[in-house]
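Q: Here it is, the structure in full.
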Amino acid sequence: MAMQHSPDILVHTGDLFHSYMPQNDDMNFVVSLFKGLRDKTMLIVLQGNHDQPYGYRFSLSPLRQLETMDLIVSTGDQPQASMVENFDGKKVEIHLVSWAPSHIVNHAINDTSPNEEIALFFAHDIDVPKENLPMHFNYYGCGHKHNFFMDEEYDLGRPGSTCMVNWNKEMGGNKRLIVVDIDNSGNEYTLQTLNDVREFKFLTGLDITGMGSEEVNVKMRESLGRLSPKKSKPIIIMQVNGMIDTETERSIERSKILKDCENKLDPLFLHIEPNWQSLGPRKVTLSRPLDVEHSILEYMTQTKDTLSSKIIEKLPRLLGGDSVDTSP
């Protein structure tokens, strides 16, 4: 989508991968995609906190492999880098900061005096109030947070992630590609929605109040079974509401339902959001509360404990008796 605008510079502000040890399929996909961009644009990818091992070990980021292959420009083994590039006869000064402690980012912003008329600043996260950003950079671009943000007055933009984080807030398509046309007289902005990058299925309205576990499991399977995604690898979230008791909650086959539906729907991400409330354990009545053996058996019977037969065998030895009265 970005290449439709024929950009001189294409910037990804970090967290290209979910983990610093991406799967081979993910890395192969990225390498293949970026090879097609190598001769068309300057591709900048910052190292995000997901791209780095703990402890800011930049040299072990998977992005270093992409740099070695000359597929991207990043910050190498250090948290920051800077360069001057020539586009259409104009020199453009570019400053980059990968995921790093906030004092490094703040130092890079406030203690840098660009030498060129056009200067850009990109960081994985900019934790500085927009009112405090120096005006000597023509544009500030950042990432890290997953929601879209754009302030044309302060020339600060964050596209947001194409993956959902907060299901309720992210529905409606607030992720956008930010296209910035920069010259000495100012910036012109074009925003392009990212709604159609992936197919989102957000299922609501499923209320399981008062249901038993078997009915809940059937309802969940039926709701997910009615889905017919139009695109491959959809993102599917099913929100389940209601009031149920603890026994029902304990018997919901959430993991099994997810596994079965993943095999059928082949989603990029499938999540059952347990938005229900538990009423707590059912009331247990003990007819002889001072009789330990009898109370244990009554409790296990009323809570339908599957281990009751084994406990009956062990109670005499544990309590020092020879037999246990199993009558009601």
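Q: Give region 61-103 a look and list any residue that's among the basic types (K, R) and closer than 14 Å to Q47 by Cα, or say none.
A: Scanning region 61-103 gives a single hit, R64.
Q: Okay, moving on. So which of K231, K283 is more than 25 Å from L203 (Cβ to Cβ) and either surrounded by fewer than 14 Cβ atoms within 10 Å (Cβ to Cβ) or under 22 Å from the mean Cα position of the chain (by Cα) (or both)? Step through it out loud before you land on a result.
A: On the way: K231 fails: more than 25 Å from L203 (Cβ to Cβ).
Answer to the check: K283.
Q: Please enumerate the residues belonging to region 286-323 that are surrounded by 13 or more Cβ atoms within 10 Å (Cβ to Cβ), part of a loop (DSSP other than H, G, I, E, B) and at pLDDT below 80.
A: Hits for region 286-323 are T303, D305.
Q: May I pose another question? What tally of residues in region 239-280 results from selecting those that are among the charged types (D, E, K, R) and farther than 21 Å from L206 by Cβ?
A: 1
Q: Quick one: would you say S295 is touching a Leu at 6+ places or on another chain (Cβ under 8 Å) and hydroxyl-bearing (S, T, Y)?
A: yes
Q: Go through region 226-276 and count every residue that is assigned to a helix (DSSP H, G or I) and closer than 13 Å to E199 by Cβ.
A: Selection size over region 226-276: 1.
Q: Still on this model: Right, L16: at pLDDT 90 or above and touching a helix residue (DSSP H, G or I) at 6+ places or on another chain (Cβ under 8 Å) or not?
A: For L16, the condition - at pLDDT 90 or above and touching a helix residue (DSSP H, G or I) at 6+ places or on another chain (Cβ under 8 Å) - is met.
Q: From S19, S59, S32, S82, grab the single residue that is in contact with a His (Cβ under 7 Å, 6 or more places away or on another chain), surrounded by fewer than 17 Cβ atoms within 10 Å (Cβ to Cβ), in the same structural domain as Y139 (by TED's automatic domain parsing) and not in a strand (DSSP E or B).
A: That would be S19, the only listed residue that is in contact with a His (Cβ under 7 Å, 6 or more places away or on another chain), surrounded by fewer than 17 Cβ atoms within 10 Å (Cβ to Cβ), in the same structural domain as Y139 (by TED's automatic domain parsing) and not in a strand (DSSP E or B).
Q: Hey, could you check region 98-146 for residues that are part of a strand (DSSP E or B) and closer than 17 Å to P159 by Cβ and say which is nearest to the chain's Cα centre (by Cα)?
A: Looking at residues that are part of a strand (DSSP E or B) and closer than 17 Å to P159 by Cβ, I get C142.
Q: Does I94 satisfy the condition of being part of a helix (DSSP H, G or I), of a type in the set (A, V, I, L, M) and surrounded by 14 or more Cβ atoms within 10 Å (Cβ to Cβ)?
A: no
Q: Among the residues of region 201-215, is there at least one that is within 26 Å of the chain's Cα centre (by Cα) and part of a helix (DSSP H, G or I)?
A: Checked against the condition, which is being within 26 Å of the chain's Cα centre (by Cα) and part of a helix (DSSP H, G or I), region 201-215 yields no hits at all.
The values are calculated or read from the model by the stated rules, or taken from the named source; none is laboratory data. Just so we're clear, the structure is a prediction, and the values are computed from it rather than from any experiment. Every residue, glycine among them, receives a Cβ derived from its backbone with ideal geometry; neighbour counts consider all protein chains shown.
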